[in-house]
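A.B. asks: This is the structure I want to talk about, given as structure tokens.
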Amino acid sequence: MNWHLAIPEIFLSCAAMAMLLIGVLMRGEKVFFAASMMAVGAVLLTGILVLSGAGGVGYHGLFAVDAYSNFAKLLILAAVGFGVVMSLDYNDHENLRRFEFPILMLLAAVGMMLMVSAASLMTLYLGLELMSLSIYVLAAFARDERRSAEAGLKYFVLGALASGLLLYGVSLVYGFAGTMSFDGIATAMADPKQASPGLTVGLVFIVAGLAFKISAVPFHMWTPDVYEGAPTPVTAFMGTAPKVAAMVLLVRLLTGPFGQQLAQWQQLIVLVAIASMLLGSLAAIGQRNIKRLMAYSSIGHMGYALIGLAAGTADGVRGVLIYMLTYVFMNVGTFACIIAMRRGGRNVEGVSDLAGLGRTDPMLAMAIAVFMFSMAGIPPFSGFWGKYFIFTAAVQQGMWTLAVIGVLTSVIGAFYYIRIIKVMYFDDAAPAFDARPAALSFVAAAGGLFTAFFFIFPAPVVAAAQAAAKVLFP
Amino acid sequence: MNALNAAGFPLLSLLTFLPLVGGVAIMMIRGTEEAVAANARWAALWTSLIVFALSLVLWFRFDTASAGFQFVEEAAWLPEWGISYKMGVDGISVLFVLLATALTPICILASWESIGTRVREFMFAFLVLETMMVGMFAALDFVVFYMFFEGVLIPMYLIIGVWGGPRRVYAAIKFFLYTLAGSVLMLLALLAMWYAAGSTDIQVLMAHKFAPTMQTWLFLAFFASFAVKVPMWPVHTWLPDAHVEAPTAGSVILAGVLLKMGAYGFLRFSVPMLPDATAYFAPMVFTLSVVAVIYTSLVALAQTDMKKLIAYSSVAHMGVVTIGIFTVNEQGLSGALFQMLAHGVVSGALFLCVGVVYDRIHSREITRYGGLAERMPKYALVFMLFSMASVGLPGTAGFVGEFLVLVGAFKVNFWLALLGSLGMVLGAAYMLYLYRRVIFGRITRDDLRSILDLSPREVAVFAPLVLLTLWMGIYPSSFTVFWDATVHGMVEKHLAALASTTKLAGVLAP
């Protein structure tokens, strides 16, 4: 039995549990910081393990490791690492110095890694739940604050509902296909006698459950409230790694076991993509709170990523992976900047609080400007490349309606992105923000440099995404 | 000598990225605010002058006998996907590179005193803008072209929005969204062409024959982008706003170079790559252009704001350019190119003229002025020269282009030429009317009695433009020689393409 396939996951789980022990034994103020540093170390080591591990299918067909899952895992680990670093100062400042925080993030990471390696509906569900439960707790981590508690509860109730839908879909698929393994489902699907409408119904439920996790319309309702209420580092975390995991999982599921039914789920994904892009660009226009605005922005981004999936080709999947990669770095950087918005010791979240930032803090303003232009898809920033490869796939498949709606909503979306730049550069200066902690500068700089200079050497990333996408289309 | 790269070193990349390097260096300047401003101005001026001097290599070393691309450089970028970093110029683009490098130092000099706040950032934005402009004209790969084409929006948005007039925010956002909306459709066309031809190399795309129905859609997508940029009626409405609110240097670059990007796009992509669609859609373009020429000229007559008047006149002049391009004969194309260059110099200079009085009185209202000839004889002379050039007086730059375009238009259709020439008549009306109200008459306002004539710095700004305007008017051959071969090749290729294919109109007819 090739148990070693899961060494990164095993290591990360053990590390998380060991840290729990250490956290109980250690006393004092320093334990949060120590746990965070250990978490970063664990994430880095796991990344190395992922890179050096072998590929294959193990655990009796429950668990698959291939270029596709590794691409996603590295991306998830990067997002988790940045998330931990971002929380350092925020939690310090908001009196959330509890060592469980980074540990929960690590456990969520284990769940996500299981998700992207899932080769069976069982693994899929277990990974998803491990991730979700950790994030429910994280969202309500500022338990003395009403907004955070509300966010956690809201996310939990709706998330539980989505899990129920997903589970129902899983049971239907199992009932009709007689197996949970992805390969088995694919075989069942290929056989016209066995492929029954029940499978399709199950598929729809599973897609609904996963669409909830990537907050695609019409399963997006929780996003703005939870984004706004959760502690900002948790929002940053929620907005990146779980989205990658759920998106990657959705892609693997639809192109793998349900690949035969392209015609059926394609319509579904096209509709969801269009609705997400429209809502993401229109609803964000009226937002005054930058965290809510980012929530709508992420809804829109998921819509674009889904275009790649809707194309249903290797090029489309490549587009999704590149899109998610650029999305993670843009979002991590933007949230680092949002956490840095602190005036007189208090965190501020209004778009208007950014007024005149171009004068009071040119570096921060420039970083935000890069992220905003990038999210709007303006070249040469990385966001443009994400869209470029996504739309390539749509155009190749002749999905013109989808592509045209996509580019036009991106223009509408550009309006609110450049409005933020307008607030920063054209408006009269508001009082300056407090000095930035180094950790946030580091994350913002890392995200900013990647976003700004991705265009110089895109080839390795594109090649890696291409290799990963080929796995799904042998 | 290497036939491909006559300079022997990556000249075009250097021209493209040197301003950016200078801009980054400027951002590093530290010290008191005044010292930073002064150093930033000088550093920007020297950077742009060095770039201009370097670009003169193009003028002297460009082989005018060749119709192909020269100074070509290529580097792998995404080689497996047919995308490479490729630069090169032919007869169509070479002079626009020079136009961009020549106008930039002039603009920097013109904003010496009128930009008082955040000088360092302004100079940085301006040099980034130069990078984008030069890169766009020199790009020989569609993706590279698109990056520069869109990238222009970023510095221009900031220049209008930060240093502009009272309604700058509205104008900046309108400018951004209008042009972006057009360009994203072009992006889809780009992707479709990439998929069809397997490469984004412009030379490969030019050689590729696209199916006639596909050409129609591609043409419309390109048209959405370039027509906004030109701008053509009825999508020109962003231009007056952007011009009025932009600082003087921004207006000059906008009129001088950015408007040429749309027409250049037609010349580089639509006409050579989509010959059938070009022939099919030419009547539509002619109609829109004629409407633009007549309608915006009439609108210009009614303006009370000097900058707005010149902005509308720009739309009219660019209408002449689009007529010339879509005649696709040697006179028309040559005239369009000449008109683009001439308009770049002349309308840029006219905006500078407005900037001169605006710096002194802080008003652009025509009625606010009058009788400036008494106090500002040098200014009156310069303004007159450029007004006449804008009208198209023989001997000035404006004449040659319009004349050639009308000759080209005559070959296509008598009415097209007739209606197109109405623009010249109306142009004379609004420019002379403007000139009379601003320069002649009596000084009635007190602050005009003490107004000062052109300072030595301003003379230095105008001198090269005056020389260029006269040179282009008196001896146009030194400019037309650059593109004669290219235009000739383009027309032949266009006719051959039309002859070889079933007429698109026939296919589409019911």
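The values are calculated or read from the model by the stated rules, or taken from the named source; none is laboratory data. Not measured: the values here are computed from a predicted model. Backbone-built Cβ (ideal geometry, glycine too); neighbour counts: all protein chains shown. The protein model used for the area step is the full one, side chains on, heavy atoms only, and it has no ligands, DNA or RNA in it. Shrake-Rupley method; radii C 1.70, N 1.55, O 1.52, S 1.80 Å.
A.B. asks: Is any helix in chain B, taking whole DSSP H runs, at least 30 angstrom long along its axis by alpha carbon and on average at least 0.5 on the Kyte-Doolittle scale, and which ones? The partial results should precede the final answer.
C.D. replies: Details: long enough: B:33-61 (42 Å, 1.03); B:168-197 (42 Å, 1.55); B:275-301 (38 Å, 1.50); B:306-327 (32 Å, 1.09); B:330-361 (46 Å, 1.04); B:414-439 (37 Å, 1.37); B:477-500 (35 Å, 0.52).
For chain B, where a helix must reach 30 Å along its axis and average at least 0.5, the hits are B:33-61, B:168-197, B:275-301, B:306-327, B:330-361, B:414-439, B:477-500.
A.B. asks: Mean residue ellipticity at 222 nm from the helices of chain B, using -39,500 (n - 2.57) per DSSP H segment of n ≥ 4 over the full residue count, to the nearest 500 deg cm²/dmol?
C.D. replies: Working: 23 runs with 373 residues, N = 510.
Helix contribution divided over all residues of chain B: -24500 deg cm²/dmol.
A.B. asks: Okay, next question. Mind checking which lysines have their C-alpha under 26 Å from B:Lys174, skipping anything on the same chain fewer than 8 residues away?
C.D. replies: Result set, ordered by chain and number: A:Lys291, A:Lys387, A:Lys422, B:Lys229, B:Lys260, B:Lys307, B:Lys308.
A.B. asks: What 222 nm value per residue comes from the helices of chain A, counting each DSSP H run with n ≥ 4 as -39,500 (n - 2.57) and dividing by all residues, nearest 500 deg cm²/dmol? Don't skip to the end; give the middle numbers.
C.D. replies: Working: 19 runs with 354 residues, N = 474.
So the helix-based figure for chain A works out to -25500 deg cm²/dmol.
A.B. asks: Just need the relative contact order of chain B here, percent rounded to a whole number, with Cα pairs under 8 Å and 6+ apart. Before the final figure, lay out the partial values.
C.D. replies: On the way: 870 pairs, mean separation 77.1, N = 510.
That works out to 15 percent.
A.B. asks: Also, quick follow-up: Report the one residue of B:Ser93, B:Ser66, B:Ile83 whose Cα lies farthest in the direction of the positive end of the charge dipole of the range B:38-108 (charges on C-beta: Lys and Arg +1, Asp and Glu -1; origin at the Cα centre).
C.D. replies: B:Ser93
A.B. asks: Work through the residues other than A:Val471 whose Cβ is under 12 Å from its Cβ and net out their charges, Lys, Arg +1 and Asp, Glu -1. Write out the running numbers ahead of the final one.
C.D. replies: Working: positive: A:Arg252, A:Arg318, A:Lys470; negative: A:Asp66.
So the environment of A:Val471 carries a net charge of +2.
A.B. asks: Starting from the Cα gyration tensor of chain A, take the square roots of the eigenvalues, sort them a ≥ b ≥ c, and report rounded, prolate or oblate (rounded when a/c is under 1.5, otherwise prolate if a/b is larger than b/c, else oblate). Can you show the working numbers first?
C.D. replies: Values: a/c = 1.70, a/b = 1.26, b/c = 1.35.
The shape class here is oblate.
A.B. asks: What does the extension gain come out to for A:Trp3 and A:Asp428, with contour length at 0.36 nm per residue minus their alpha carbon separation? Let's see the in-between values first.
C.D. replies: Details: separation 425, 0.36 × 425 = 153.00 nm, distance 6.08 nm.
Full extension of this stretch gives 146.9 nm more.
A.B. asks: Calculate the length of the line joining the C-alpha centroid of the range B:248-325 to that of the range A:212-290, in whole Å.
C.D. replies: Value for the Cα centre distance between the two parts: 43 Å.
A.B. asks: Further question on the same structure: Can you give me the long-range amide H partners of B:Asp90? Hydrogens built in the peptide plane at 1.01 Å from N, cutoff under 5 Å, separation of 5 or more residues or another chain.
C.D. replies: Those lying under 5 Å, H to H, from B:Asp90 are B:Gln70.
A.B. asks: Continuing with the same structure: Nearest 10 degrees, 0 to 90: what angle lies between the long axis of helix A:400-425 and the longest principal axis of chain A (Cα atoms)?
C.D. replies: With rounding to tens, the tilt is 20 degrees.
A.B. asks: In degrees between 0 and 90, to the nearest 10, how far off the longest principal axis of chain A does helix A:459-472 point, with axes built from Cα atoms?
C.D. replies: Between the helix axis and the principal axis of chain A, the angle is about 30 degrees.
A.B. asks: Summing Lys, Arg as +1 and Asp, Glu as -1, what charge do residues with Cβ under 15 Å from the Cβ of B:Glu492 carry, B:Glu492 excluded? Please list the in-between numbers first.
C.D. replies: Values: positive: B:Lys493; negative: B:Asp90, B:Glu330, B:Asp484.
Every neighbour counted, the sum reads -2.
A.B. asks: Something else: Quick one: grab the alpha carbon gyration tensor of the range B:227-281, order the square roots of its eigenvalues as a ≥ b ≥ c, and give me rounded if a/c is under 1.5, else prolate or oblate depending on whether a/b is larger than b/c.
C.D. replies: On the way: a/c = 5.84, a/b = 2.16, b/c = 2.70.
The shape class here is oblate.
A.B. asks: Further question: Probe radius 1.4 Å, ligands and nucleic acids left out: can you give me the accessible area buried at the A-B interface, summed over both chains, in Å² to the nearest hundred?
C.D. replies: Working: alone 17410 and 18580 Å², together 32650 Å².
Between A and B, the summed buried area is about 3300 Å².
A.B. asks: Here's a follow-up. Per-residue mean of other chain beta-carbon atoms within 10 angstrom of the beta-carbon, peptide A:404-411?
C.D. replies: Values: counts 4, 0, 2, 9, 3, 1, 4, 10.
Per residue, the average neighbour count from other chains is 4.
A.B. asks: Would you mind giving the mean number of other chain beta-carbons within 10 Å of the Cβ of each residue in B:170-176, as a whole number? List each step's numbers first, then the result.
C.D. replies: Working: counts 0, 0, 5, 7, 0, 0, 9.
Neighbouring Cβ atoms belonging to other protein chains average 3 per residue here.
A.B. asks: Along Cα→Cβ, 7 Å out, is where each label goes; now give me the distance between the ones at A:Lys470 and A:Met17 in nm to one decimal.
C.D. replies: In this crude label model, A:Lys470 to A:Met17 measures out at 3.9 nm.
A.B. asks: Relative to the first principal axis of the alpha-carbon coordinates of chain A, what is the inclination of helix A:362-375, with its axis defined by its Cα atoms, in degrees from 0 to 90 and to the nearest 10?
C.D. replies: The two axes meet at around 20 degrees.
A.B. asks: In addition: In square angstrom, what is the accessible area per residue of the range A:282-349 with a 1.4 angstrom probe?
C.D. replies: Details: 1230 Å² over 68 residues.
For the range A:282-349, the per-residue accessible area is 18 Å².
A.B. asks: Non-local amide H neighbours of B:Leu454 (under 5 Å, H modeled in plane, Pro and chain starts lacking H): which ones?
C.D. replies: Excluding prolines and chain starts, which carry no amide H, the hits are B:Lys378, B:Tyr379.
A.B. asks: So for the protein assembly as shown, Kirkwood radius off the Cα pairs, Stokes-Einstein at 25 °C and 0.890 mPa s: how many µm² s⁻¹? Intermediate values should be presented prior to the final figure.
C.D. replies: Values: Rh = 29.9 Å.
So the translational diffusion coefficient is about 82 µm²/s.
A.B. asks: Give the ranking of A:Arg346, B:Arg268, B:Arg41 by solvent-accessible surface, highest area first, calculated with a 1.4 Å probe. Numbers along the way, then the final one.
C.D. replies: Working: A:Arg346 165, B:Arg268 5, B:Arg41 40 Å².
Sorted descending by solvent-accessible area, the residues read A:Arg346, B:Arg41, B:Arg268.
A.B. asks: Roughly how many whole Å is it from the C-alpha centroid of the range A:330-357 to that of the range B:339-401?
C.D. replies: 47 Å
A.B. asks: Please list A:Asp434, B:Asp241 from largest to smallest accessible area, probe radius 1.4 Å, with all protein chains kept in place. Could you put the intermediate results ahead of the total?
C.D. replies: On the way: A:Asp434 50, B:Asp241 20 Å².
Per-residue accessible area, sorted high to low, gives A:Asp434, B:Asp241.
A.B. asks: About its Cα centre, what dipole magnitude does the protein assembly as shown give when the only charges are +1 on Lys and Arg Cβ and -1 on Asp and Glu Cβ, stated in debye to the nearest 20?
C.D. replies: Numbers: 55 positive and 50 negative charges, 237 e Å.
About 1140 debye.
A.B. asks: What's the center-to-center distance, using Cα atoms, between the range B:436-455 and the range B:71-140 in Å?
C.D. replies: So the two Cα centres are separated by 38 Å.
A.B. asks: Please give the solvent-accessible surface of A:Glu150 in Å², to the nearest 10, using a probe radius of 1.4 Å with every protein chain present.
C.D. replies: Rounded to the nearest 10, the figure is 90 Å².
A.B. asks: Among A:Val272, A:Ala162, B:Val425, flag the residue with its Cα farthest along the positive direction of the charge dipole of the protein assembly as shown, charges on Cβ as +1 for Lys/Arg and -1 for Asp/Glu.
C.D. replies: Final value for the positive-end residue is B:Val425.
A.B. asks: Taking the Cα centre of the range A:61-144 as origin, work out the dipole magnitude from +1 charges on Lys and Arg Cβ and -1 charges on Asp and Glu Cβ, in debye rounded to 20.
C.D. replies: On the way: 4 positive and 7 negative charges, 27 e Å.
Result for the range A:61-144 is approximately 120 debye, rounded to the nearest 20.
A.B. asks: Would you work out if the range B:140-185 is rounded, prolate or oblate? Take a ≥ b ≥ c from the square roots of the eigenvalues of the alpha-carbon gyration tensor; rounded if a/c is under 1.5, else prolate when a/b is larger than b/c, oblate otherwise.
C.D. replies: On the way: a/c = 5.42, a/b = 2.06, b/c = 2.63.
Oblate is the answer for the range B:140-185, as a/c is 1.5 or above yet b/c matches or exceeds a/b.
A.B. asks: Once phi is turned into ³J(HN,Hα) by the Karplus curve 6.51 cos²θ - 1.76 cosθ + 1.60 with θ = phi - 60°, what whole-Hz value does each residue of the range A:277-286 show in order, with x for glycine and proline?
C.D. replies: Those phi angles translate into 5, 5, 5, x, 7, 7, 6, 6, 4, x Hz.
A.B. asks: With only Lys, Arg, Asp and Glu charged, each at its Cβ (+1 for the first two, -1 for the last two), find how big the charge dipole of chain A is about the Cα centre; round to the nearest 20 debye.
C.D. replies: Working: 26 positive and 22 negative charges, 55 e Å.
Here the size comes out at about 260 debye.
A.B. asks: Next question, about the same structure. Can you tell me, using C-alpha contacts under 8 Å and at least 6 residues apart, the relative contact order of chain A as a whole percent?
C.D. replies: 15 percent
A.B. asks: Using a 1.4 angstrom probe on the protein heavy atoms only, line up A:Asp191, B:Asp141, B:Asp446, A:Asp92 by accessible area, largest first. Write out the running numbers ahead of the final one.
C.D. replies: Working: A:Asp191 55, B:Asp141 0, B:Asp446 120, A:Asp92 80 Å².
Order by accessible area, largest first: B:Asp446, A:Asp92, A:Asp191, B:Asp141.
A.B. asks: Share of the protein assembly as shown's accessible area from carbon and sulfur, percent, 1.4 Å? Spell out each step's value before the answer.
C.D. replies: Working: 22380 of 32650 Å².
C and S fraction of accessible area: 69 percent.
A.B. asks: For every other residue with a beta carbon closer than 13 angstrom to the beta carbon of B:Val144, add +1 if it is Lys or Arg and -1 if Asp or Glu, then tell me the sum.
C.D. replies: Working: positive: B:Lys86, B:Arg268; negative: B:Glu73, B:Glu74, B:Asp141, B:Glu150, B:Asp201.
Around B:Val144, the surrounding residues sum to -3.
A.B. asks: Work out the FRET efficiency for B:Arg445 and B:Ile474 from their Cβ-Cβ distance, taking R0 = 45 Å, and round it to the nearest 0.05.
C.D. replies: On the way: r = 38 Å, r/R0 = 0.84.
According to the calculation, E is roughly 0.75.
A.B. asks: Something else: Give the residue from A:Ala211, B:Ser251, B:Ala224 lying farthest towards the positive end of the charge dipole for the protein assembly as shown; charges sit on Cβ (+1 for Lys and Arg, -1 for Asp and Glu) and the dipole is referred to the Cα centre.
C.D. replies: B:Ser251
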